[in-house]
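Quick notes on the structure that follows.
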Amino acid sequence: QALARMSVFRGGFTREMAQRVAGSSLPTLLRLINKSLVMRRETRFFLHEMIRQYAERELAATEREQSLEVLAATCLELSKIYAEQYNGEQQVTWNRRLEQETDNVRSILNWSFNHDVRQGADIAGHLEHFWYIRGYHREGLDWAQRFLACAETAPRDRVRLGLLWIAVSLNKELGNYDVS
């Protein structure tokens with residue numbers, strides 16, 4: 001069951017994320033590693049794509065949604081911490097951490113369009129600096145524009161303002177000065 005719930009991860013996960021999203025304890029992770037169902041590299045865990053796809057088929061739809069909701073909340077929490085820390089003493093650590101979670105964040109941003117657009121827009125709004133310094137200008141701009149097009153926000157809403165700031169900042173970096 002824990003392996004099936006881990007199938008929502010993309011590009012790896014930490015022990016804490018496995019516990020939070022999949023309800024998997026360290027002994028369970030170790031048993032899955034011993035059975036070659038989960039791989040470990042340093043502090044991260046991974047599922048081989050074939051195993052992930054098999055496990056995903058075994059996951060009930062309601063459990064999949066519950067796991068994705070917890071993963072979305074985890075991504076929102078990470079993005080908020082990143083937004084607070086990106087200019088502090090831990091900026092290198094947080095940039096690396098977010099880089100490791102990029103595939104999970106992308107997956108959740110896509111998922112959020114059909115489940116919780118506001119939460120996805122909030123996650124995207126916290127990541128402007130990440131997209132900027134990593135050179136993901138086009139990707140960040142695309143996310144901001146997609147969420148601006150469908151997120152229901154008031155004109156002066158914090159989430160909307162964050163998305164507009166991303167659009168302005170990354171359009172400038174891409175040399176798109178004529179965009180209104």
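At a glance:
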item	result
Acute angle (nearest 10 degrees) that the helix 102-115 long axis makes with the longest principal axis of the chain, alpha-carbon atoms	80
0 to 90° range, to nearest 10: angle between helix 49-58 axis and the chain longest Cα axis	80
Whole-Å semi-axes of the range 69-177's equivalent ellipsoid (Cα gyration tensor)	19, 18, 12
Span from the the range 101-147 Cα centroid across to the the range 46-94 one, whole angstrom	13
Rg to Rh quotient for the range 34-74, alpha carbon positions, Kirkwood Rh	1.03
Ratio Rg/Rh [Cα only; Rh per Kirkwood] for the range 1-65	0.92
Exposure rank, largest accessible area first [TYR136, TYR54, TYR82, TYR177; 1.4 Å]	TYR177, TYR54, TYR136, TYR82
Residue-normalised accessible area of the chain, given per residue in Å² at a 1.4 Å probe	55
Share of carbon and sulfur in the accessible heavy-atom surface of the chain [1.4 Å probe, %]	49
Volume of the Cα convex hull of the range 4-159, divided per residue and given in Å³	119
Relative packing of peptides 68-77, 33-42 - highest average C-beta neighbours within 10 Å first	68-77, 33-42
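The values are calculated or read from the model by the stated rules, or taken from the named source; none is laboratory data. Owing to the predicted nature of the structure, the values given are computational and were not obtained by experimental measurement. Neighbour counts are summed over all protein chains in view; Cβ atoms, including those assigned to glycine, are modelled from backbone coordinates with ideal geometry. These accessible areas exclude ligands, DNA and RNA; they are computed on the full protein's heavy atoms, side chains included. Shrake-Rupley method; radii C 1.70, N 1.55, O 1.52, S 1.80 Å.
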